[in-house]
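Q: Mind having a look at this structure? Questions to follow.
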Amino acid sequence: MLKMNHLSKVYRTEVVETYALRDFNIDVKEGEFVAVTGPSGSGKTTFLTIAGLLETFSGGEYYLDGIEVSNLNDNARSKIRNEKIGFIFQAFNLIPDLNVYDNIEVPLRYRGMKTAERKQRIMDALERVGLSSRARHYPAELSGGQQQRVAIARALAGSPRLLLADEPTGNLDTQMARGVLELIEDIHRGGATIVMVTHDPELAARAQRNVHIIDGQVVDLAEEPRFHAHAAEAAHEYR
Amino acid sequence: MQIQPVLAALGRHRLATVLIALEIALACAVLCNACFLIASRWQLTRINSGVDESSLAALKLTGYDDAKADDLNARVLSGLRMIPGMQSVSVINAVPFGEHAATAGITLDAAGQHFGAVVDFYVAGPGSFQALGLRLVAGRAPQADDYQPVHSFVPDDASVLVTRALAEHLWPGSDPLGKEFWVDKFHFRVAGVVAHLARPGGGEGGPGKIEWSVFVPGQPGQQLAGVYLLRAKPAQLPRVLRDARAAIARIAPDAVVDSQASRTLGDLRQRYFQQDRAMAGMLLGVIAALLLVTALGIVGLASFWVQQRRRQIGIRRALGATRRDILHYFQTENFLIVTGGIALGMLLAFGLNLFLMKHYELLRLPLYYLPIGAIALWLLGQLAVLGPALRAAAVPPVVATRSV
């Protein structure tokens, strides 16, 4: 589903070149739930923005659903984002001027979907995240957990094949975080591929596979026993 | 166009939206009325005088002894005809774009009960009809015995020519030839109709009355003296007029040339409408300033909103919006605000027009000015928002992942 070979991302200024990702390799199979972990500044979010076609990369190859994306133009990248990828952000990223219903409708409109189908999908998604009664509420009128569930509903409504989550529970308390994680797992059971960036080992332990990034490169988890043990313990606690 | 979500988002920014819509409404009202004023003035400056303006000049003398008017006429006519290039010299009481000489209300019956119109009389001596180059459309040109003595401001009884516009006003649908009209005891019968002959001045009384004039043949004399119509080839006319003014010192030392009134008709027209052109220019300036201020208002608000919504734009891009979608979003938003402003502006335009009609004798604003004003403001809005909208479209999707 998602394969990166020797990928690099360099930020250049007049005086310095900074590698956010260097010789980065990853292969996420269709239907997998992968957690990407690593310390702050390791390149997790850069990886996610490139994986979500939000940003271009400097070198290497990236295949998304079998398509080499480096040569795609802006419109083609937008189309793939809209049709194949769902995003869940740490800061929820809802549009404050639009109510819940209109927020979920945004990507569906860009897809050119008919009104009736949009409505059906939106109501189904809201039902699934338990917010049917809040369709006309504005983001500012909802709690953090509810806002994140709206963001999940927005991703769900588009039936994405790849769901990219960036610290999805980072701004939530434990109880709300649990609810959000259950929803993500539910989406995974529905067949979607999930790539979740987190620095939280407890959350990472819920994934099928963990990928650890340090200094812009994927490292072998077997060489990080302390992290591995801690993660397993945390996962047990979370359940 | 995605109107509903744009409207929904605008609903969250009511104050700014209403303020900019009000600015557009004001611009619409002023734009429509100012354009109408300019067009009216412009139309007025282009009136058809009905005479060969390029070949004609007027020469006006003052200060002479009225008792010697016959002698003055004789000296001037014979003296000026000697000037090389002069095609004709005749006596007339007034010329188009010159001063009014004989304006009066006419009646269609001798008893003075049936009012016809207020008209201007061109009382003119032999040769003037041909010199003016008037186009006859019915009846006959003045004959030698039509030139009657002028005892007062017009002959007591005269065969005259009226303009087609005046004939249609006085006797709509009937043949004007042979019809009679009166000014108190003075009696006139229509012997001919000319296509056009603008009143002296330049169209006072409104566009419909510009050609309410009567050509009256008259014998030069004490009551018809001092104003002379000169005709020459257009290329020679300025020189002929200069020579004529110089010659007066020799042939009529007892008279003074009125320099303001002694000009070519082209010059008289130019000077007559000078104020109208200045006013049109000033209104154009007002329109330009108003449109500039409106455009700057739109640019300012749109730029502010683009800056304010940078992250939101990034989110939309992340969710699949193309650059064109973002561009269209801001263009649609602008279109909706401007449309609201125009709707209100049209009502204001009518209100302003009613005010101007009441206080400044302006005509009713024709309806077609409203769509013209609307299109101009829609275009202005789209042009003004283009820069900020392009900046919005350039916001990369990765902005969605950055914290504010």
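Q: More than 26 Å apart: what percent of Cα pairs in the stretch B:88-231 qualify?
A: 14
Q: What net charge is computed for the residues neighbouring B:LEU177, neighbours being all others with C-beta under 13 Å from the C-beta of B:LEU177, Lys and Arg scored +1, Asp and Glu -1?
A: +2
Q: For the stretch B:250-404, go through all pairs of different Cα atoms, get the mean of 1/r, take its inverse, and jot down that Kirkwood value in Å.
A: Hydrodynamic radius (Kirkwood, Cα pairs) of the stretch B:250-404 is 20.0 Å.
Q: The protein assembly as shown: percent of C-alpha pairs farther apart than 32 Å?
A: Counting every Cα pair in the protein assembly as shown, those more than 32 Å apart make up 65 percent.
Q: Please report the Cα spread of chain B along all three principal axes, rounded to whole Å, starting with the longest.
A: Its Cα atoms span 101, 49, 32 Å along the three principal axes.
Q: Largest first, please: the extent of the C-alpha atoms of the stretch B:170-232 along each principal axis, to the nearest Å.
A: 38, 29, 26
Q: Please list 3J(HN,Hα) in residue order for the stretch B:140-145, calculated via the Karplus relation 6.51 cos²θ - 1.76 cosθ + 1.60 where θ = phi - 60°; whole Hz, with x for glycine and proline.
A: 3J(HN,Hα) across the stretch B:140-145, in whole Hz: 9, 6, x, 9, 4, 7.
Q: Calculate the FRET efficiency for B:GLN307 and A:GLN120 from the Cβ-Cβ distance with a Förster distance of 41 Å, rounded to the nearest 0.05.
A: After rounding, the FRET efficiency stands at 0.65.
Q: Here's another thing I want to ask about it. If you take the charge dipole of chain B about its Cα centre, with +1 on Lys and Arg Cβ and -1 on Asp and Glu Cβ, which of B:VAL118, B:LEU356, B:GLY341 is farthest toward its positive end?
A: B:GLY341
Q: Could you give the angle, 0 to 90 degrees to the nearest 10, between helix B:323-360's Cα long axis and the longest principal axis of the Cα atoms of chain B?
A: So the helix axis and the longest Cα principal axis differ by about 40 degrees.
Q: Taking the inverse of the average 1/r across all pairs of different Cα atoms in the stretch B:18-79, what Kirkwood radius in Å do you get?
A: Hydrodynamic radius (Kirkwood, Cα pairs) of the stretch B:18-79 is 17.1 Å.
Q: Put +1 on the Cβ of each Lys and Arg and -1 on the Cβ of each Asp and Glu in the stretch B:255-338; which of B:ALA302, B:GLY281, B:LEU327 then has its Cα farthest toward the positive end of the dipole?
A: B:LEU327
Q: In addition: Mind checking the dipole of the stretch B:88-231: about its Cα centre, +1 per Lys or Arg Cβ, -1 per Asp or Glu Cβ, Debye to the nearest 20?
A: 340
Q: Below 8 Å, C-alpha to C-alpha, sequence gap of six or more: please give me the relative contact order for chain B in percent.
A: 28
Q: Still on this model: Report, largest value first, the span of the C-alpha coordinates of the stretch B:235-332 along each principal axis, in whole Å.
A: Taking max minus min along each principal axis of the Cα atoms, the stretch B:235-332 gives 94, 24, 15 Å.
Q: Across the stretch B:1-132, what fraction of all alpha-carbon pairs, as a whole percent, falls in each successive 5 Å bin from zero upward?
A: 2, 7, 10, 11, 10, 9, 8, 7, 5, 5, 4, 4, 5, 4, 4, 2, 2, 0
Q: What nm value, rounded to one decimal, do you get for the distance between B:LEU363 and B:ALA74 when each label is placed 7 Å out toward the C-beta?
A: 5.0
Q: Any idea how far the Cα center of the stretch B:334-365 sits from the one of the stretch B:1-30, in Å?
A: Taking the Cα centre of each part, the stretch B:334-365 and the stretch B:1-30 sit 18 Å apart.
Q: Treating only the Cβ of Lys, Arg, Asp and Glu as charged (+1, +1, -1, -1), what charge dipole size does the stretch B:184-262 show about its Cα centre? Round to the nearest 20 debye.
A: For this selection, approximately 280 debye.
Q: Could you tell me the distance between the Cα centroids of the stretch B:54-112 and the stretch B:257-286, to the nearest Å?
A: The distance from the Cα centre of the stretch B:54-112 to that of the stretch B:257-286 comes to 22 Å.
Q: So what's Rg/Rh here for the stretch B:87-164, counting alpha carbon atoms and using the Kirkwood radius for Rh?
A: On the Cα set of the stretch B:87-164, Rg over Rh gives 0.95.
Q: Which aspartates and glutamates does B:LYS185 reach when only Cα atoms under 13 Å apart count, and residues fewer than 8 places away in its own chain are ignored?
A: Candidates past the 8-residue exclusion: B:ASP109, B:ASP156, B:ASP157.
Q: Ok, one more. Provide the per-residue ³J(HN,Hα) series for the stretch B:115-131, in order, calculated from phi with Karplus coefficients 6.51, -1.76, 1.60 and θ = phi - 60°, each as a whole number of Hz, with x at glycine and proline positions.
A: Running phi through 6.51 cos²θ - 1.76 cosθ + 1.60 with θ = phi - 60° gives 5, x, 5, 9, 10, 10, 9, 8, 9, 9, x, x, x, 6, 4, 5, 4 Hz.
Q: How large is the charge dipole for the stretch B:56-154, taken about the Cα centre, if only the Cβ atoms of Lys, Arg (+1) and Asp, Glu (-1) carry charge, to the nearest 20 debye?
A: 380
Q: Let me ask something additional. Evaluate peptide A:51-63: per residue, the Cβ atoms of other protein chains within 10 Å of its Cβ; return the mean as an integer.
A: 2
Q: Moving on to the next point. Find the relative contact order for the stretch B:88-231 and round it to a whole percent, using C-alpha pairs within less than 8 Å whose residues are 6+ positions apart.
A: 38
Q: What's the local net charge at A:GLN120, with K and R +1, D and E -1, over the other residues with C-beta under 12 Å away?
A: With Lys, Arg at +1 and Asp, Glu at -1, the net is 0.
Q: Please list, in chain and number order, the residues 5+ apart from A:LEU2 or on another chain whose amide H is under 5 Å from its amide H, with Hs placed from the backbone.
A: A:VAL28, A:ASP65
Q: Just to confirm a number: summing +1 for Lys and Arg and -1 for Asp and Glu over residues other than B:PHE186 whose beta-carbon lies under 12 angstrom from that of B:PHE186, what do you get?
A: Result for the neighbourhood of B:PHE186: -2.
Q: Roughly speaking, what % of Cα-Cα pairs in chain A are separated by over 27 Å, rounded to a whole number?
A: 35
Q: On to the next question. For the pair A:HIS137 and A:ASN171, what calculated FRET efficiency results from E = 1/(1 + (r/R0)^6), where r is the Cβ-Cβ distance and R0 = 22 Å, to the nearest 0.05?
A: 0.75
Q: Still on this structure: Could you calculate the contour length gain from B:ARG242 to B:ARG12, that is, 0.36 nm times the residue separation minus the distance between their Cα atoms, to one decimal place in nm?
A: Result for the pair: 75.4 nm of gain on full extension.
Q: Give me, ordered by chain and number, the residues 5 or more places off A:SER58 or on other chains with an amide H under 5 Å from its own placed amide H.
A: A:SER8, A:LYS9, A:VAL10
Q: If you average the alpha carbon positions of the stretch B:169-201 and of the stretch B:117-136, how far apart do those two centres end up, in angstrom?
A: 12
Q: While we're looking at this one, here's another question. Measuring from label point to label point, each 7 Å out along Cα→Cβ, what is the A:GLU61 to B:LEU177 span in nm?
A: Roughly 10.0 nm, to one decimal.
Q: While we're on this one: Add -39500 (n - 2.57) for each DSSP H run of 4 or more in chain B, then divide by its residues: what number comes out at 222 nm, to the nearest 500 deg cm²/dmol?
A: Result for chain B: -16500 deg cm²/dmol, rounded to the nearest 500.
Q: If R₀ is 22 angstrom, what is the calculated FRET efficiency for the pair B:ASP157 and B:LEU136, using the beta carbon separation as r and rounding to 0.05?
A: 0.50
Q: Tell me, what is the Rg over Rh of the stretch B:150-280, with Rh the Kirkwood radius over Cα pairs?
A: Reported Rg/Rh, Kirkwood definition of Rh: 1.02.
Coordinate-derived values only; no laboratory data. Predicted model only: the values in this text are computed from it and were never measured. Glycine gets a Cβ as well: all are built from the backbone with ideal geometry, and neighbour counts include every protein chain shown.
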